[in-house]
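Quick note: the coordinates plus some simple rules give every number you see, no bench work behind them. Everything quoted here is computed from the prediction, not taken from an experiment. Cβ coordinates were reconstructed from backbone atoms using ideal geometry, including for glycine residues, and neighbour counts include every protein chain displayed.
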Amino acid sequence: MSFNAVLVTKDDAGKTHAAVTQITEDQLPAGDVTVAVEYSTVNYKDGLCIGPGGGLVRNYPHVPGIDFAGTVEASDDPRYTPGDKVVLTGWRVGEAHWGGYAQKARVKADWLVPLPEGLSTRQAMAVGTAGFTAILAVMALEDHGLKPGNGPVLVTGAAGGVGSVAVALLAALGHEVAAVTGRPETESYLRGLGASQIVPRADIAETVKRPLESETWAGCVDAVGGAMLARVLGQMQYGASVAAVGLAGGAGLPATVVPFLLRGVNLLGIDSVMQPYDNRIRAWDRIARDLPLDKLDAMIRPATLADLPRLGADILQGQVQGRVVVDVN
Ligand code: NDP
């Protein structure tokens, strides 16, 4: 029985092509659980893997999709039985292993988590890797002392996937949220998610001129990196922390160490891919408890497999707002 997948192929000239293609179950990679995928989503990394791969994809042809939610169809692992609802993020699925842009996926049981109670498979993919990463960032800031009332928390790349979920989560937890965006037209969307202050990207994008500026932010979830992250470090309150999540604005860090030495600022690295199982469960529980579902619904942009080649290019241009939810069926 064949089913639909977005298959990325590479031609003799080394150029990649992504198209919806019929594939069969025996083409799926080895794994102990076969999942009937219901929803997937579009993250920045998916944009890379739908296109030339950015060095992430090992072999072609390839099925991208770094996350998915669906129902177990067959399982050789005692932890899962047919009919169980499951979610997958990370573990290099969609990069080194075929991913969620297909009606079926076969993966290792170790990579799955049960669908969190209170979320549908569609809502789980509205959260997706981006939202899962946003809660990891918020948890890291909390572990380093962030509390409501400490002052405004900055979110960079705010209208993107990680940023949108971070804004909604922080606001729901009682924080004052300042959202950095390069798209002024997203202001009402961001205020709807709970941002009380909009910071134009241009105000904070310039390279560091003074290593310390006035102490403004009580915390920061940074999806942008580069010059913006360097600048933010010098604007943090004494002892405050920045969770470094992404590199949408660049992988460099043209900073000085002065904010670390004179203000005790912490730079916390966030990785969603290799998170251990127990912390994944803790993070999904927090999402189910703390993320208001009406705010999540407001972020959703519905899509189908056929939309993915276009959406992959859009997200690399910073043109996707909120969370795309792909109905693969
Ligand atoms: P999105 O494209 O949805 O969001 C990124 C946002 O960053 C854009 O919407 C835009 O927001 C802003 N942005 C884009 N380009 C620039 C630029 N040149 N300068 C400043 N701001 C810019 O991507 P995601 O939210 O899915 O991912 C965000 C980042 O986080 C990516 O780098 C991704 O690789 C990384 N990531 C890391 C993970 C981890 O495990 N550490 C997991 C998931 C994602 P606006 O228009 O509001 O300015």
**Message:** Which one, Gln317, Gln27, Gln123, has the greatest fluctuation when you compute a Gaussian network model over the chain with C-alpha springs under 10 angstrom?
**Reply:** Gln27
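Sort segment 1-137 into rounded, prolate or oblate with this rule: let a ≥ b ≥ c be the square roots of the eigenvalues of the Cα gyration tensor; rounded if a/c is under 1.5, and if a/c is not under 1.5, prolate when a/b is larger than b/c, oblate otherwise. Display every interim value, and only then the final one.
Values: a/c = 1.98, a/b = 1.32, b/c = 1.49.
The shape class here is oblate.
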**Message:** Going by average Cβ density within 10 Å per residue, which order do the peptides 249-260, 98-109, 217-228, 157-168 take, highest to lowest?
**Reply:** 157-168, 217-228, 98-109, 249-260
**Message:** Under the 0.36 nm per residue contour assumption, what length would be gained going from the current alpha-carbon distance of Asp327 and Ala172 to full extension?
**Reply:** 53.0 nm
**Asked** Mind checking which helices in the chain clear 20 Å along their axis (Cα) and have mean Kyte-Doolittle hydropathy of 0.0 or more, DSSP H runs only?
**Response** 121-143
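Rank by packing, highest mean first: peptides 175-182, 279-286, 144-151, with packing defined as the count of other Cβ atoms within 10 Å averaged across residues.
Most protected by this proxy first, the peptides run 175-182, 279-286, 144-151.
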**Asked** Cross-link partners among lysines for Lys295, C-alpha distance below 29 Å, same-chain residues fewer than 8 apart left out?
**Response** Lys45, Lys85, Lys147
**Message:** I'd like the distance separating the alpha-carbon centroids of segment 119-169 and segment 60-95, in whole Å.
**Reply:** 24
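Please state the charge dipole magnitude for the chain, taken about the Cα centre, from unit charges on C-beta atoms (+1 on K and R, -1 on D and E), reported in debye and rounded to the nearest 20.
Numbers: 27 positive and 34 negative charges, 126 e Å.
Here the chain has a charge dipole of around 600 debye.
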**Message:** Less than 15 Å from a label point 7 Å out along the Cα-to-Cβ axis of Phe260: which backbone N atoms in segment 199-241 qualify, by residue?
**Reply:** 230-231, 233-234, 239-241
**Complete:** The base-10 log of I(q)/I(0) that the Debye equation returns for segment 128-269 at q = 0.13, 0.18, 0.20 Å⁻¹, one scatterer per C-alpha, is -0.46, -0.93, -1.17
**Prompt:** What Kirkwood radius, in Å to one decimal, follows from the Cα pairs of the chain?
**Reply:** 20.0
